[in-house]
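Peer 1: Mind looking over this structure? Questions follow.
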Amino acid sequence: MTTSTEVTDVEIARQLASADVSNLSVAKRLGVPWGRVDEVRQRKGLETFQRGRRAVEASWEEAVSRRVKPVEDGHAEWTGQTYPRGTPMLSWRGRAETAYRAVFRIRHGREPQGNITHAPSCVREFCVAGEHLEDRVLREERRCREGGS
């Protein structure tokens, strides 16, 4: 188990990226004091957790757009929930999937075939920029263009 001094502010901020996550839940999950989590939220200017009903998004597109934050060099950061190892996840109307699959479907207008991976040009961990994601079909097309197998 990690101690509270081993948990970085970046990790706390990643856990707080969604307004749907309370300071207390992050503090318990990471084993850090609530006050430290609150300080990170304030310093980073992150939205405050609100109890009660939240507006339900009308579509996958709206659900995704509320949770994607464009960052430098064309990358995009996921501000929603994540699986335990950090993989971005999206739950909408009782259906959960990786944010990669939802973003890919919106960007490319079709269901992804096989696993979603980052294009070789994208080196940012957990980037959710649609143009940086590839499914099996896009990987095969890229390899053909590059003259590989």
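Peer 1: What fraction, in whole percent, of alpha-carbon pairs in the chain exceed 25 Å separation?
Peer 2: 36
Peer 1: Excluding residue 106 itself, what net charge comes from residues whose Cβ is under 14 Å from its Cβ, given Lys and Arg +1 and Asp and Glu -1?
Peer 2: Values: positive: 66, 67, 101, 105, 107, 110; negative: 57, 61, 62, 97, 111, 131, 135.
Spelling it out: positives minus negatives among the neighbours equals -1.
Peer 1: Determine the gain in length on full extension of the stretch residue 92-residue 20; use 0.36 nm per residue of separation and subtract their C-alpha separation, reporting nm with one decimal.
Peer 2: Working: separation 72, 0.36 × 72 = 25.92 nm, distance 1.32 nm.
Using 0.36 nm per residue and subtracting the Cα-Cα distance, I get 24.6 nm.
Peer 1: Right, something else. Given the Cα-Cα distance of residue 124 and residue 137 and 0.36 nm per residue of separation, how much length would full extension add, in nm?
Peer 2: 2.5 nm
Peer 1: Then there's this: Let me know the shape class of region 86-149, please: from the alpha-carbon gyration tensor, a ≥ b ≥ c as square roots of the eigenvalues, rounded when a/c is under 1.5, otherwise prolate if a/b is greater than b/c, or oblate.
Peer 2: It comes out prolate by the Cα gyration axes.
Every number in this text was worked out from the coordinates using simple rules, so none of it is lab data. Bear in mind that the values here come from a model prediction, so they are computed numbers and not experimental data. Cβ sites come from the backbone with ideal geometry, for glycine too, and all protein chains shown count toward neighbours.
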